[in-house]
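Handing you a structure now.
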Amino acid sequence: MAEDNTADVFVETTGSTVITMGGGKKSGTVWLRHTTAEGLPNFRTTLEPDRVRSLHRMLGNALAQSGISPDRLRDDSGLKVPGDSVEGAKTVEYFGQHYDPAILEALGVLMVRVNLLDQNLVALLASLTGMNKEQAGAAYHATMNMKARIDLICAVAAKAGLSERVNGEVADALERAKKITGRRNDLVHGSWLFRKGKLRAEIYRPNNKTPVTEITVTQKLIVEIAESYQTASILLLTLSQQVQRERGS
């Protein structure tokens, strides 16, 4: 079996020495490797699960005695959201910056809803073409461009021999999916920054009269978008079932 040499953590120590740490093939096993800048000497130690647990306890105790909590360790790489975050009683810290946990939770829920929309678009494509789920999924994921995916399904629907009513409903549902995807893209692909302690996103539309707009990233905004995804997913699921009945599949 090939050895897993992918390092999960890189720690630069004094001088040119670099220590890498990664997980072994065996569950709970960790290996440590010491390498100089020149690549030699190269020493490696494999820690079995019981030793990993012991090391974890020792590290936790040492950090506690020094007044440092592991989840408070700061990231000094400089890779941070521009601007200054504000620490509060309920904020959580990641990579040296403070965030509203409600916003982070809402973003997680949004990602789940986005995935469910993908699944229901695949289901609709399968219903329209007669392909099974795996075949439809392969066609759908052949491109990562969401507009191209929806345009593909729309074009297939127009040639699927559906009644005018169902074809119109499918077209409307796909247009709804396209619009909410645009809202999500504005949020996710905007340039994020902290302004006066609030998380904001700059949205770029170079061809508009106002090429740059700025929105405040709030839990309410994210939940709104997530709810739109949920509504669109339910509609697509219902239409998939209608298409199957109409096509007799």
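How large is ³J(HN,Hα), in whole Hz, for each residue of region 189-203 in order, when computed from phi with the Karplus curve 6.51 cos²θ - 1.76 cosθ + 1.60 and θ = phi - 60°, using x for Gly and Pro?
9, x, 8, 7, 7, 9, 10, 6, x, 9, 7, 10, 10, 8, 10
Determine how large the accessible area of M58 is when every protein chain is in place; take a 1.4 Å probe and give Å² rounded to the nearest 10.
Roughly 120 Å² of M58 is accessible to a 1.4 Å probe.
While we're here: Okay, which of region 221-248 sit inside 20 Å, backbone N to the point 7 Å along the Cα-Cβ direction of N115?
222-237
Same structure again: Among the lysines, which have Cα under 17 Å from the Cα of K179 when same-chain residues fewer than 8 positions away are ignored?
K147
Using a 1.4 Å probe on the protein heavy atoms, what percent of the accessible area of region 140-186 belongs to carbon and sulfur?
Of all accessible area on region 140-186, carbon and sulfur atoms account for 53 percent.
Setting aside same-chain residues fewer than 8 positions from K80, which lysines have a Cα under 19 Å from its Cα?
Of all the lysines, those that pass the test against K80 - Cα under 19 Å, at least 8 places apart if same chain - are K196, K198.
Would you mind calculating the gained length between D84 and T210 on full extension (0.36 nm times residue separation, minus the Cα-Cα distance), in nm to one decimal?
42.8 nm
Just to confirm, what accessible area per residue do you get for region 176-249 at 1.4 Å probe, in whole Å²?
Numbers: 4500 Å² over 74 residues.
Roughly 61 Å² per residue, with all protein chains present.
The values are calculated or read from the model by the stated rules, or taken from the named source; none is laboratory data. These figures come from a predicted structure and were not determined experimentally. Cβ: placed from backbone, ideal geometry, glycine included. Neighbour counts: every protein chain shown. All accessible areas refer to the heavy atoms of the entire protein, side chains included, with ligands and DNA or RNA removed. Shrake-Rupley method; radii C 1.70, N 1.55, O 1.52, S 1.80 Å.
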